[in-house]
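The values are calculated or read from the model by the stated rules, or taken from the named source; none is laboratory data. For clarity, every value in this text was computed on a predicted model and none was experimentally measured. We place every Cβ from the backbone using ideal geometry, glycine too, and count neighbours over all the protein chains shown. The accessibility values were calculated without ligands, DNA or RNA, using every heavy atom of the protein model including side chains. Shrake-Rupley method; radii C 1.70, N 1.55, O 1.52, S 1.80 Å.
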Amino acid sequence: MKIEELSIGDWVRYDFPKIGKRNIQVNSIDEEDNHIGAGGVGASAWSDISEFEPIPLTPEILEKNGWVHCGPCHWRNRDIKCSCFRFGRRYWDIHTRGSRVYRPTRISIENILHTHQLQHALRLAGIDKEIEV
């Protein structure tokens, strides 16, 4: 994971010395010093990017966020009018419908393997959805 791949609000994992690994959200980025700040309930960290890990995107995370498994490698989320195809095969197709647009917006993205990458893809599709991990 590189610092330029992250945005404020992205989920990352940090291994705290006394409490172990926790999923926390990025709240500050200092590209000059290669540090990020991230925090969550009762825990926060400011450290070099190398100390943070990406959170793998799993079926459990998708289900927790309202996605439904609709067939081999096919997931849907009606709340955000979005479909992702070929989960696990490193290729996603995201479709969304605007309020007055008849043709769907379509974004094809390769290599969405981590939660922060899904967050970025949804933002690109104009979907403002907070992801829970």
query: Mind checking which residues of segment 22-41 are without any contact (Cβ under 8 Å) to a residue 12 or more places away in the chain, open to solvent by 20 Å² or more (accessible area, probe 1.4 Å) and assigned to a strand (DSSP E or B)?
result: D30
- prompt: Taking the stated definitions as given, is G42 at pLDDT below 90 and more than 24 Å from K129 (Cβ to Cβ)?
  reply: yes
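How many residues does segment 42-61 contain that are outside any loop (DSSP other than H, G, I, E, B) and either surrounded by fewer than 17 Cβ atoms within 10 Å (Cβ to Cβ) or touching a Leu at 6+ places or on another chain (Cβ under 7 Å) (or both)?
Looking only at segment 42-61, we keep the residues that are outside any loop (DSSP other than H, G, I, E, B), and these are 43-54, 56, 59-61.
Still in the list and also either surrounded by fewer than 17 Cβ atoms within 10 Å (Cβ to Cβ) or touching a Leu at 6+ places or on another chain (Cβ under 7 Å) (or both): 43-44, 46-48, 50-51, 53, 56, 59-60.
Of the residues in segment 42-61, 11 are outside any loop (DSSP other than H, G, I, E, B) and either surrounded by fewer than 17 Cβ atoms within 10 Å (Cβ to Cβ) or touching a Leu at 6+ places or on another chain (Cβ under 7 Å) (or both).
State which residue is nearest to D33 (Cα to Cα) when the search covers only segment 1-21 and only residues that are in a strand (DSSP E or B) and open to solvent by 80 Å² or more (accessible area, probe 1.4 Å).
Kept after step one, since they are in a strand (DSSP E or B), are these residues of segment 1-21: 11-16, 20-21.
If we keep only those that are open to solvent by 80 Å² or more (accessible area, probe 1.4 Å) as well, we get 15, 21.
Values: D15: 20, K21: 23 Å.
Among those residues, the one meeting the criterion is D15.
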field: Selected residue (criterion: farthest from the chain's Cα centre (by Cα)) from residues of segment 5-39 that are closer than 27 Å to L62 by Cβ and small (G, A, S)
entry: G20
